[in-house]
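Following: one structure in structure tokens, then a few remarks.
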Amino acid sequence: MANVVVVGAQFGDEGKAKVTDLLSKNADIVVRYQGGANAGHTVVANGNTYKFHLIPSGILYSGKTCILGPGMVIDPKAFIGELSALLKRGLDDANLKVSTCAHVTMPYHLLIDAAEEESRGNQKIGTTKRGIGPTYADKCARSGIRVEDLLEKDVLKAKLDWLIPRKNVILERLYNLPALNSKEVYETYLEYGQQMKKYVCDTSAIIFQSVREKKNILFEGAQGTLLDLDHGSYPYVTSSSPTAGGACIGAGIGPTIIDRVIGVSKSYMTRVGEGPFPTEQSGAIGEQLRQVGKAWAEVGVTTGRPRRCGWFDTVLGRYSVRINGLDCLAITKLDVLDEFDEIKICVAYRDAKTKEVYKDLPSITGCLQYMEPVYESFTGWRKSTSECVSYNDLPAQAQKYINFIAEQLDVPVAIVSVGQNRDQTIIIEDPIHGPKRVLTKNVK
Ligand code: IMP
């Protein structure tokens, strides 16, 4: 029995879906604990490609309970669309559960997200325009609609009768947009509630009972550590807590339930949207990282935007180890580096203003934008790794690269992924039952 949290250790899009898919095989329950339709997870299973936005990829295995937890924000239209596409492909929804407490992304959230972004001009965040920020803002303001409200017509009506006129003031007066029709919104969302009804329940109770029965639970984070609302590169973040701590709040469990935290990082780094990215490569290197391998082309799954690409950053990696308490790391997309003559890795930052060098981030504040990376250079292995099935199969230079990351982050690398398919995965040590990480006093 082990309850495991899988988190993105970078700016999101680390290839978490592949790792959660691998670990889902031995899990009884897969729980998504935050975010909404802003996420985009791609899994290639048995030659078929599946793209997930809201539903945990654990649904690919029949018999697993898949939970959309209370910390999520759910756009019912997106949920129903995604689910019906999966059902058409023969997947089974018998064990799909949606928390009563998850918040609902409403049409005004989508409109306000887009309009607010537009109005920010050069201060824009680069959101996915899926209404995420406004939905979480209403949750915090205690003006949100929860999934349970969609099932209670009087409650929904009363809430919308108060909410819609207020949202219409924002839409019409602030953004010059047409007002929403309260009755139409009410009827549409009541109907969505009826379509979702059979999945809605107290998911925290299911998880707790499973803990009692010593089942294996996998908590699946979306986005990544540096997009965390509290610990990421604020304000260029999402509005939830993708970090390991978020699993407790977002799933409705206590921290004592979690046995292990696995971080997922690419072998390089990407970011979609705005915000600082010290190791970003805007020239030929960035383009090569983006384009390499058709299947891996670096384009956002949700928005189709090209991803910004750059070298692996161990300063941010160490930060991620700290914030999440990572036990081990899964490194994905090693094969993308196969053709590079030289591979760089950021080992420290130099403050562009003071010239001071930092091995660790002085603080996750606006200072990130003044940091210049200090690189160490590796000779590329210039060999395909996509057929490698064990660590020993990897070219010596690739082994050296992986070991360097492990040493720099002071965390073992348990998994290396060398391609999109399930079997293109190298297990170096058991990510779940491997030795518990022992913190050393001084990092090299
Ligand atoms: P939002 O989550 O749509 O509000 O977007 C806020 C920021 O997080 C933007 O920079 C997005 O590009 C980024 N973001 C949101 N979801 C993802 C994701 O799943 N992968 C990568 N970036 C994301």
Check: Quick check: anything in segment 94-110 within 14 Å of the ligand (Cβ to nearest atom), without any contact (Cβ under 8 Å) to a residue 24 or more places away in the chain and not aromatic (F, W, Y)?
Finding: no
Notebook entry, point to check: How many of the residues making up segment 117-137 are within 10 Å of the ligand (Cβ to nearest atom) and open to solvent by 70 Å² or more (accessible area, probe 1.4 Å)?
Noted result: 3
Notebook entry, point to check: Identify, please: which residue in segment 130-144 is assigned to a loop (DSSP other than H, G, I, E, B) and among the small types (G, A, S) and is, among those, farthest from A78 (Cα to Cα)?
Noted result: A141
Next item on the list: Working carefully through the options S377, S386, S363, find the one that is open to solvent by less than 40 Å² (accessible area, probe 1.4 Å) and among the small types (G, A, S).
Entry: S386
Next item on the list: Mind counting the residues in segment 312-339 that are acidic (D, E) and closer than 18 Å to D351 by Cα?
Entry: 1
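Whether any residue in segment 138-153 is within 16 Å of the ligand (Cβ to nearest atom), touching a Ser or Thr at 6+ places or on another chain (Cβ under 8 Å) and among the small types (G, A, S) is what I want to check. It would help to see each step written out before you state the result.
Narrowing segment 138-153 to residues within 16 Å of the ligand (Cβ to nearest atom): 138-140, 144.
Applying the additional criterion that residues be touching a Ser or Thr at 6+ places or on another chain (Cβ under 8 Å) yields 144.
Filter again for among the small types (G, A, S), leaving 144.
Yes: one or more hits.
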Check: Got a number for residues in segment 13-36 being within 16 Å of the ligand (Cβ to nearest atom), in a loop (DSSP other than H, G, I, E, B) and open to solvent by 10 Å² or more (accessible area, probe 1.4 Å)?
Finding: 2
Next item on the list: Scan G63, G69, G90 and give me the residue that is touching a strand residue (DSSP E or B) at 6+ places or on another chain (Cβ under 6 Å) and more than 16 Å from the ligand (Cβ to nearest atom).
Entry: G69
Margin query: Just the residues that are in a helix (DSSP H, G or I) and either open to solvent by 40 Å² or more (accessible area, probe 1.4 Å) or at positive phi (or both), please, taken from segment 400-436.
Written below: K400, N403, E407
Margin query: Return the residues of segment 235-257 that are surrounded by fewer than 21 Cβ atoms within 10 Å (Cβ to Cβ), more than 15 Å from the ligand (Cβ to nearest atom) and part of a loop (DSSP other than H, G, I, E, B); say none if nothing qualifies.
Written below: G254
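The rows are residues; the columns are (1) of a type outside the set (K, R); (2) open to solvent by 90 Å² or more (accessible area, probe 1.4 Å); (3) not in a helix (DSSP H, G or I).
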{"residue": "K159", "(1), (2), (3)": "no, no, no"}
{"residue": "L171", "(1), (2), (3)": "yes, no, no"}
{"residue": "N176", "(1), (2), (3)": "yes, yes, yes"}
{"residue": "K183", "(1), (2), (3)": "no, yes, no"}
{"residue": "Y186", "(1), (2), (3)": "yes, no, no"}
{"residue": "L190", "(1), (2), (3)": "yes, no, no"}
{"residue": "Q194", "(1), (2), (3)": "yes, yes, no"}
{"residue": "K198", "(1), (2), (3)": "no, yes, no"}
Item checked: Unmet requirement for I55, which otherwise passes all of (1) in a loop (DSSP other than H, G, I, E, B); (2) β-branched (V, I, T); (3) not assigned by TED's automatic domain parsing to the domain that holds D423 -> (3)
Notebook entry, point to check: Is it true that some residue in segment 220-233 is open to solvent by 20 Å² or more (accessible area, probe 1.4 Å), of a type outside the set (S, T, N, Q), under 20 Å from V4 (Cβ atoms) and assigned to a loop (DSSP other than H, G, I, E, B)?
Noted result: no
Item checked: Single residue of segment 258-280 satisfying the filter (on the phi < 0 side of the Ramachandran plot and of a type in the set (G, A, S)) that is farthest from the ligand (Cβ to nearest atom) -> S267
Next item on the list: Please list, ordered by first then second residue, the pairs with beta carbon atoms under 7 Å, 6 or more apart or interchain, first in segment 202-229 and within 16 Å of the ligand (Cβ to nearest atom), second open to solvent by 30 Å² or more (accessible area, probe 1.4 Å) and not β-branched (V, I, T).
Entry: T225/H231; D228/S241; L229/S239; L229/S241
Next item on the list: Scan segment 98-116 for residues that are in contact with a Leu (Cβ under 7 Å, 6 or more places away or on another chain) and open to solvent by 40 Å² or more (accessible area, probe 1.4 Å) and jot them down.
Entry: L111
Checklist line | First in segment 183-201 and of a type in the set (S, T, Y), second anywhere and open to solvent by 40 Å² or more (accessible area, probe 1.4 Å) and not in a helix (DSSP H, G or I), Cβ under 6 Å, 6 or more apart | finding: Y199/K97
Check: Within segment 276-294, is even one residue open to solvent by 10 Å² or more (accessible area, probe 1.4 Å), over 29 Å from E376 (Cβ atoms), in contact with a Pro (Cβ under 9 Å, 6 or more places away or on another chain) and not in a helix (DSSP H, G or I)?
Finding: no
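The values are calculated or read from the model by the stated rules, or taken from the named source; none is laboratory data. Because the structure is a prediction, the values reported are computed rather than measured. So basically every Cβ, Gly included, is an ideal-geometry build from the backbone, and we count neighbours across all protein chains shown. Quick note on the areas: whole protein, heavy atoms, side chains included, nothing else; ligands and nucleic acids left out. Shrake-Rupley method; radii C 1.70, N 1.55, O 1.52, S 1.80 Å.
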